[in-house]
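Asker: The following block contains the structure, expressed as structure tokens.
All of the numbers you see were taken from the coordinates with simple rules; none came from a lab. On a predicted model such as this, the values are computed, not experimentally measured, just so you know. In this analysis, Cβ positions are derived from the backbone assuming ideal geometry, glycine residues included, and neighbour counts consider all displayed protein chains.
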Amino acid sequence: MSEAIELAVIGGTGLYKLADLRDVRTVQPDTRFGAPSGPIRIGTLGGRTVAFLARHGEGHSLPPHKINYRANLAALQDLGATRVLALNTVGGITERFGPRVLACPDQLIDYTWGRVSTICEEPGTEVLHVDFGEPYTRTLREAVIEAATRAGVALVADGCYGATQGPRLETRAEIVRMRRDGCDLVGMTGMPEAGLARELGLDYACLAIVANWAAGAGPDPDEVITLQDVLDNVAAASSGLPRLLSAL
Ligand code: HPA
């Protein structure tokens, strides 16, 4: 079955529902890669058909390394989606990316390991070597940036996302290394999702929501990161999201 889903949104930590999604119906698809993280909610937003999937499951029951990224993307694609906007909760490393900032990164570095990171995993599958020099789809990034401007939502229009394994947060030394490597943001779910989207031929962009300063990166180097701070900052930073998504 295929329908005109104009945008698929994958929600991260603290984002288990899309506020303002109307006339919602729910599907529970299965895919050639297995089951996605949970139900997919399809509804209208800003007059357009939008699908929403909570990456960690609606009860946040899946840690980053256990998420079936392939099934999530394939389920959205099977429903007819061609454009995927990934919402990723992240820590900020460099000055422009403090808590509650929204950012649309243009680069990434993958530090994850042991995850199924290709659709070519199964024996007998043709191996793909997709171009990934520009890991996010430029046209979709430009649309996100333009929508933010139209909606009056502040957004940092670039940045490098470092994807770590988790589920623990990083050590201060790891963040020093990531800063040296050129990372502005750190999160646990940016990969393999972006690479798989490219293999599947999906347009894909990341809207990162900064929940905290990464370990040792903020003004108080001894700060302890709590889940409550993360959730509070995501909730505050997400207030402009419905407007941005409607504009998109
Ligand atoms: N590190 C990794 N992932 C995260 C962080 C962090 O500091 N904050 C939210 N997701």
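Asker: Quick one: grab the alpha carbon gyration tensor of the stretch 166-217, order the square roots of its eigenvalues as a ≥ b ≥ c, and give me rounded if a/c is under 1.5, else prolate or oblate depending on whether a/b is larger than b/c.
Answerer: Values: a/c = 2.37, a/b = 2.20, b/c = 1.07.
Judged from the Cα gyration tensor, the stretch 166-217 comes out prolate (a/c at least 1.5, a/b above b/c).
Asker: Quick one: SER238, SER246, fewest Cβ neighbours within 10 Å first, how do they rank? Could the numbers behind the result be given before it?
Answerer: On the way: SER238 20, SER246 16.
Placing the least packed residue first, the sequence is SER246, SER238.
Asker: Along the positive direction of the dipole of the chain (beta-carbon charges: Lys, Arg +1; Asp, Glu -1; about the Cα centre), which of TYR16, ALA74, MET178 reaches farthest?
Answerer: Positive-end residue among those listed: TYR16.
Asker: Now for a different question. Starting from the stretch 143-248, pick out the trypsin sites (Lys or Arg not before Pro) whose DSSP state is loop and whose Cβ has at most 13 other Cβ atoms within 10 Å.
Answerer: Details: sites: ARG150, ARG168, ARG172, ARG177, ARG179, ARG180, ARG198, ARG243; in loops: ARG168.
Passing both the DSSP loop test and the Cβ count: ARG168.
Asker: By DSSP, what percent of the beta bridges with both residues in the stretch 1-156 are antiparallel, rounded to the nearest 5? Each step should come with its number before you reach the end.
Answerer: Working: 11 of 20 bridges.
Percentage antiparallel, nearest 5: 55.
Asker: Let me ask you something else. HN-Hα J couplings of the stretch 118-127 from phi, Karplus 6.51/-1.76/1.60, θ = phi - 60°, integer Hz, Gly and Pro as x?
Answerer: So the Karplus estimates, Gly and Pro as x, are 8, 7, 9, 5, 6, x, x, 7, 5, 7 Hz.
Asker: Out of residues 5 or more away from TRP213 or on other chains, whose amide H comes under 5 Å of its own, with H placed 1.01 Å from N in the peptide plane?
Answerer: Here GLY92 satisfy the definition.
Asker: Moving on. For the chain, take N as its residue count and report Rg(C-alpha) divided by 2.2 N^0.38 Å.
Answerer: Details: Rg = 17.0 Å, N = 248, 2.2 N^0.38 = 17.9 Å.
For the chain, the normalised Cα radius of gyration comes out at 0.95.
Asker: Taking θ = phi - 60°, what integer Hz values does the Karplus form 6.51 cos²θ - 1.76 cosθ + 1.60 yield along the stretch 164-169, in sequence order, with x for Gly and Pro?
Answerer: So the J values, rounded to whole Hz, are 9, 6, x, x, 5, 6.
Asker: Using 1/(1 + (r/R0)^6) with R0 = 25 angstrom and r between the beta carbons of ASP232 and THR125, what's the FRET efficiency to the nearest 0.05?
Answerer: On the way: r = 44 Å, r/R0 = 1.74.
After rounding to 0.05, the efficiency reads 0.05.
Asker: Report the relative contact order of the stretch 115-248, percent, no decimals, based on alpha-carbon pairs under 8 angstrom and at least 6 residues apart. Walk me through the numbers before you get to the answer.
Answerer: Values: 133 pairs, mean separation 44.5, N = 134.
Taking the mean separation of contacting Cα pairs over the length of the stretch 115-248, I get 33 percent.
Asker: Identify the chymotrypsin sites (Phe, Trp or Tyr not before Pro) of the stretch 88-187 meeting these criteria: DSSP loop state and at most 11 other C-beta atoms within 10 Å of the C-beta. It would help to have the intermediate numbers written out before the result.
Answerer: On the way: sites: PHE97, TYR111, TRP113, PHE132, TYR136, TYR161; in loops: PHE97, TYR111, TRP113, PHE132, TYR136.
Passing sites in the stretch 88-187 are TRP113.
Asker: I've got another one for you. Hey, how much of the P(r) for the stretch 118-220 falls beyond 17 Å, as a percent of Cα pairs? Kindly include the intermediate steps, with their values, before the conclusion.
Answerer: On the way: 3240 of 5253 pairs.
Value for the stretch 118-220: 62 percent of Cα pairs lie more than 17 Å apart.
Asker: So, one more: Local charge sum around PRO64 (other residues, Cβ-Cβ under 14 Å, Lys/Arg +1, Asp/Glu -1)? All intermediate terms of the calculation are to be shown ahead of the outcome.
Answerer: On the way: positive: ARG55, LYS66, ARG115, ARG168; negative: ASP110, GLU170, GLU193.
Around PRO64, the surrounding residues sum to +1.
Asker: Once every DSSP H run of n ≥ 4 in the chain is given -39500 (n - 2.57) and the sum is divided by its residues, what mean residue ellipticity at 222 nm do you get, rounded to the nearest 500 deg cm²/dmol? Write down the numbers at each step before the final one.
Answerer: Numbers: 6 runs with 60 residues, N = 248.
Rounded to the nearest 500, it is -7000 deg cm²/dmol.
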